[in-house]
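Worksheet for the structure shown next.
No value in this document is a laboratory result; all are computed from the given coordinates. Given the structure is predicted, the values throughout are model-derived calculations rather than measurements. With ideal geometry, Cβ positions are generated from the backbone for all residues, glycine too; neighbour counts draw on all protein chains shown.
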Ligand code: NAD
């Protein structure tokens, strides 16, 4: 499952939709990204988001704040962006420095501008099947399955390894909505290997390089590798031992070039949807 190719196609489609919105209604969709501190990986992500935003014709507003920013200053900025008509989507880059309360910041974002889908209102909507913003990485996983897996997902056993609010839980909710039978595994799960061997769809969102081995994977399984891990030699690898696992699978995402590029494409799509919905 080629996330690079699919995300490029999504961005092409989006470029046309953004231009049409501008031409017909004079609206230029805008994304505000807030970054606090000096985490080098976060700076790379934020730069990429800004570049891709501009490439599809949207406005990008970057707010880079020092590591010692106070909670009240950060909340005040989010409130200012909530009230700014030029801003359709707000993303606060996580993780925040340890002295800041990320949940309070997320709770302050207007749910109609919460293009990351982390606000409790959007989490609740996903959980009860109402339309709202779906977190970008899980949405990217679903789009990959819908594009590359021709069969109906209904009735398939999906095992999701990882229960984070950002990846594991929303991926599980999306697969449940596709009528999969979903098992969420995590660090306390017993006999993970045997459980994984029962999976028709296996999603790895753990953060441990090459954690999932070939013996864990059933022949013909579909594998989504969400993990991004940098080895000491600088190489990026996923949570799945790709070289050993890939020959057994019906479909698998590589790292890099799988789920990763889909995340930003889905963020841009959510921002476009926010502009359309919010600006009427
Ligand atoms: P997290 O640390 O919040 O969650 C990791 C999960 O893995 C936890 O729920 C934990 O229970 C589980 N886990 C840890 N050790 C385990 C073990 N031994 N056995 C079973 N489960 C175990 O991480 P996250 O934010 O969900 O991210 C997971 C991975 O996905 C990371 O590598 C992260 O970099 C990557 N990620 C990628 C994208 C993308 O765009 N592709 C986006 C977000 C996160």
Most exposed to least, judged by fewest other Cβ atoms within 10 Å, 153, 91, 176 sort to 176, 153, 91
At each listed q (0.09, 0.10, 0.14 Å⁻¹), what is the log10 of I(q)/I(0) that the Debye formula gives for the chain modelled as equal alpha-carbon point scatterers?
-0.43, -0.53, -1.03
Per-selection metrics, segment 136-260 (Cα): Rg and Dmax in Å
13.1, 41
Taking the beta-carbon count within 10 Å as an exposure proxy, list 106, 90 from fewest neighbours to most.
106, 90
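Once the cut-off is 23 Å, how many percent of the Cα-Cα pairs in segment 25-111 end up in the long-distance tail? Mind dumping the intermediate values first?
Details: 769 of 3741 pairs.
Result for the distance tail: 21 percent.
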Would you kindly calculate the translational diffusion coefficient of segment 102-162, applying Stokes-Einstein with the Kirkwood radius from alpha carbon pairs, for 25 °C and a viscosity of 0.890 mPa s, and quote it in µm² s⁻¹ without decimals?
186
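For a quick check: sort 61, 133 by the number of other beta carbons within 10 angstrom, fewest at the front.
Working: 61 17, 133 28.
So the residues, fewest neighbours to most, are 61, 133.
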Fraction of alpha-carbon pairs in segment 2-159 farther than 26 Å apart, rounded to whole percent, equals 34
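Return the ratio Rg/(2.2 N^0.38 Å) for segment 175-242, where Rg is computed over Cα atoms only. Walk me through the intermediate numbers first.
Working: Rg = 12.6 Å, N = 68, 2.2 N^0.38 = 10.9 Å.
With N residues counted in segment 175-242, Rg over 2.2 N^0.38 Å equals 1.15.
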Once both labels are modelled 7 Å past Cα along the beta-carbon direction, what's the residue 187-residue 48 spacing in nm?
2.5
